[in-house]
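The values are calculated or read from the model by the stated rules, or taken from the named source; none is laboratory data. Computed from a predicted structure; not experimentally measured. Here Cβ is always computed from backbone atoms with ideal geometry, including for glycine, and neighbour counts include all displayed protein chains. When the accessible area is computed, the model is the full protein with side chains, heavy atoms only, and any ligands, DNA or RNA have been set aside. Shrake-Rupley method; radii C 1.70, N 1.55, O 1.52, S 1.80 Å.
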Amino acid sequence: MTLRWIAAGLLIAIATVVIAAAREPAPTFDEAERRAIAAHGPWPPAPRRDLSNRGSGQPAAIAFGARLFAEPRLSADGRLACATCHRPDRDWTDGVAAGQGAVPLDRRTQPLWNLGHAAWFGWAGQGDSLWAQSIRPILDPAEMASDARRAARLVREDATLACFHRAAFGAEPPEDERVLVDIGKALAAFQETLVSPRTPFDAFRDALIAGDAAGIAAYPDDAKRGLKLFVGRGECAACHFGPRFTTGEFADVGIPFFRRSGGVDPGRFEGIAQALANPFNRLGSHSDSADGAGATRLRHVERQHRNFGEFKIPGLRQVARTGPYMHDGSKPTLESVVEHYSTVSLDCLHGNTERLVRPLGLTPGESADLVAFLRSLSVEAPLPVAPPATCP
Amino acid sequence: MRAVLTALAMLVATSAPAVANCPLDLGRGLGWAVFSSQHLLAMRPDPPQIEVGEPFALLLNVCDRRNQPAQLVAIDATMPEHAHGMNYRPRLIDLGDGRYRVEGMVFHMPGRWELALDVRSGDTTERLTHDMMVQ
């Protein structure tokens, strides 16, 4: 009899604990956390003009660029357009681990969101402007494998493209190379307009700042707990910083840097040398800014041993829709990325001295929370308006 | 995103003794003063707010304890918690009379940055340091 009562009492006690767990209060954020969260906005940011590109922000150049972006004749065999790899219906990437150009590529196709605010382009930051980086695939034998002459001839001989070109940049320059640069600048002007949409995270961030209780409550608890890890113990925000969730710089998080094609990918170490050697960089004759505005980084960047195996810190907006992940596409899902940060072996960190990347040892619940937070940075983006078919 | 002025933020122009040889006059703006028994250094960033990942310049004015212009020999910045320095090499421009402009500084990560300033007067060389929180 007494035993039964004790058993019943225990059951009631257990039930109460379970109910208490289910009613676990929603996570709250202290002052430091609020400040860190606020730093990930506001969104969208004010547009920024690239002074080295006279087409930046100009509607005629943007229209020309939109047209060129879908133009397969920019490639040698007439089959590859920018949009073949950077697909408008796939958040401007292709969903495969490694790009496929004229030959298979070693690195994954990067999505093109929010590049108007970036300073370095490509996984190694081998481009110092969006227009230089847009010229690169046209000339790269592994990608579109074309050349200045062929690209210029296309724009001169196709009446519609010639008309778009004139509308954007005025009279056609005689040199093929300058026509090629105009193509790059129009492509850049177009890509600057690709700003990712507002997400549930942005609504939460704004509500938190405004003290809007309903807006705060609308953001799921698991995403809140994941956000707490992101700005707290995970130290993710040290690299994935600011409104775009990237400082714009480079780091080594322990992804092996062996190339599919053999050898190693030196990452940023090589990228700095490539950026400095690029005839289309901001210090070259093709910049539209006489005083080298925007070239400060290129002038002062310094190659160091630790740059070996560093890659561009990707922005995380739309990240749930842009896998597979990392420069080599080696992580198929967000779960596998979080697993990586949870269990990364310090032996994998090549020259790493950051001390920011170390095995976090997350519980399954914490890992799920972090993934829920990362998902809250993404929504389905409306399809872009089709580029104008005819030249005005 | 704004640089938190951890040290006592002050109007440099008003904080310094008005001595003709070393006026510590950097124009208007918030800045920092760093002292030792040997040297006094005033500086302010340009643009006035240091943003993570954005290039900025530093305007500096260095004096010795007799209020004569001193020399800025080198400048560097590191994140002691992360054991790394800057990704960019700053350039020191000597404007004369203990005034300097340092171009090409970039604090590429949020957190504590320690600025190390090597200053010299006569045959005294010393390193002054100053902490900055950038977020």
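So the values come out like this:
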{"item": "Computed over the range A:242-392: relative contact order in percent, which uses C-alpha pairs under 8 Å that are six or more apart", "result": "27"}
{"item": "Average accessible surface area per residue within chain A, 1.4 Å rolling probe, Å²", "result": "45"}
{"item": "Kyte-Doolittle mean at least 0.5 and Cα axial length at least 27 Å: DSSP H helices in chain A", "result": "A:2-22"}
{"item": "10 Å Cβ neighbours from other chains, averaged over peptide B:40-49", "result": "0"}
{"item": "Using a Förster distance of 56 Å, the FRET efficiency for A:THR333-B:ASP97 (Cβ separation, nearest 0.05)", "result": "0.40"}
{"item": "Cα-based radius of gyration of the range A:59-195 once divided by 2.2 N^0.38 Å, which approximates compact folds", "result": "0.98"}
{"item": "Hz values of 3J(HN,Hα) by residue in the range B:71-86 - Karplus curve (6.51, -1.76, 1.60), Gly and Pro given as x", "result": "10, 9, 8, 7, 9, 8, 9, 9, 10, x, 5, 10, 6, 9, x, 7"}
{"item": "Only Lys, Arg (+1) and Asp, Glu (-1) charged, at Cβ; the protein assembly as shown dipole about Cα centre in debye", "result": "400"}
{"item": "Stokes-Einstein D for the range A:292-392, Kirkwood Rh over Cα pairs, 20 °C, 1.002 mPa s (µm²/s)", "result": "126"}
{"item": "Contact order normalised by residue count of chain A, Cα under 8 Å, 6+ apart, percent", "result": "23"}
{"item": "Options A:SER289, A:PRO279, A:GLN304, ranked by Cα towards positive dipole end of the range A:271-313, top entry (Cβ charges)", "result": "A:GLN304"}
{"item": "Unpaired by the 4.7 Å Cβ criterion, cysteines found in chain A", "result": "A:CYS82, A:CYS85, A:CYS236, A:CYS239, A:CYS348"}
{"item": "Largest-first ellipsoid semi-axes for the protein assembly as shown, taking √(5λ) over the Cα gyration tensor eigenvalues, angstrom", "result": "40, 39, 21"}
{"item": "Under 26 Å from the Cα of A:LYS312 - lysines, other chains or at least 8 residues apart", "result": "A:LYS185, A:LYS228, A:LYS331"}
